[in-house]
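*Asks:* Okay, here's the structure, questions in a sec.
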Amino acid sequence: MLEPYAGAGAFANQGQRVVHGYRLMQPASDIFLGWGQGLTRHYFFRQLRDMKLSPAVETFGRTEMDIYAGWCGRALALAHARSGCPATLSGYMGRKSDAFDRAIAAFSVAYADQNEQDHAALERAVRKGAVQAVFEEVR
């Protein structure tokens, strides 16, 4: 999705690009992970049933959500750390400056703001009937 702005990527098949990213970031990707091409689209595929659990975050209080967000952040940071050269990343971020920390914080706030705006737009669309929403009962 960034090619119109950043130029062509290293992969001719976008499914291959996604699979490459998965393999960089996951300690052990599934054995069925692969890519292919249809008549007009690129695809990636993976196993259908991976038996992962998902916590019922809608039932979390503030404390539980803070803990869960910390776990997710750590997992994401570790996954991204696997995808790059540690020396290059360290050199890029610098050791004596907080510029990277400030940039990540600013991005995070802007991203959160955008999520809130997107959610509000979705709620308006649902209320107007432009988008159908299906609500699942929490068990």
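The values are calculated or read from the model by the stated rules, or taken from the named source; none is laboratory data. Source: prediction; values computed, not measured. Here the Cβ is made from the backbone with ideal geometry for all residues, glycine too, and neighbour counts use every protein chain on show.
*Asks:* Name the residues in segment 40-64 that are among the basic types (Lys, Arg) and at pLDDT 80 or above, would you?
*Replies:* Step one: filter segment 40-64 for residues among the basic types (Lys, Arg), giving 41, 46, 49, 52, 62.
Of everything in segment 40-64, those that are among the basic types (Lys, Arg) and at pLDDT 80 or above turn out to be ARG41, ARG46, ARG62.
*Asks:* Okay, moving on. Return the total of residues in segment 5-49 being surrounded by 12 or more Cβ atoms within 10 Å (Cβ to Cβ) and of a type in the set (Lys, Arg).
*Replies:* 3
*Asks:* If you check PHE135 against the conditions, is it farther than 28 Å from ARG17 by Cβ, aromatic (Phe, Trp, Tyr) and loosely packed, with under 11 Cβ neighbours inside 10 Å? Give the steps one after another, and end with the answer.
*Replies:* Values: farther than 28 Å from ARG17 by Cβ: yes; aromatic (Phe, Trp, Tyr): yes; loosely packed, with under 11 Cβ neighbours inside 10 Å: yes.
Against the criterion (farther than 28 Å from ARG17 by Cβ, aromatic (Phe, Trp, Tyr) and loosely packed, with under 11 Cβ neighbours inside 10 Å), PHE135 qualifies.
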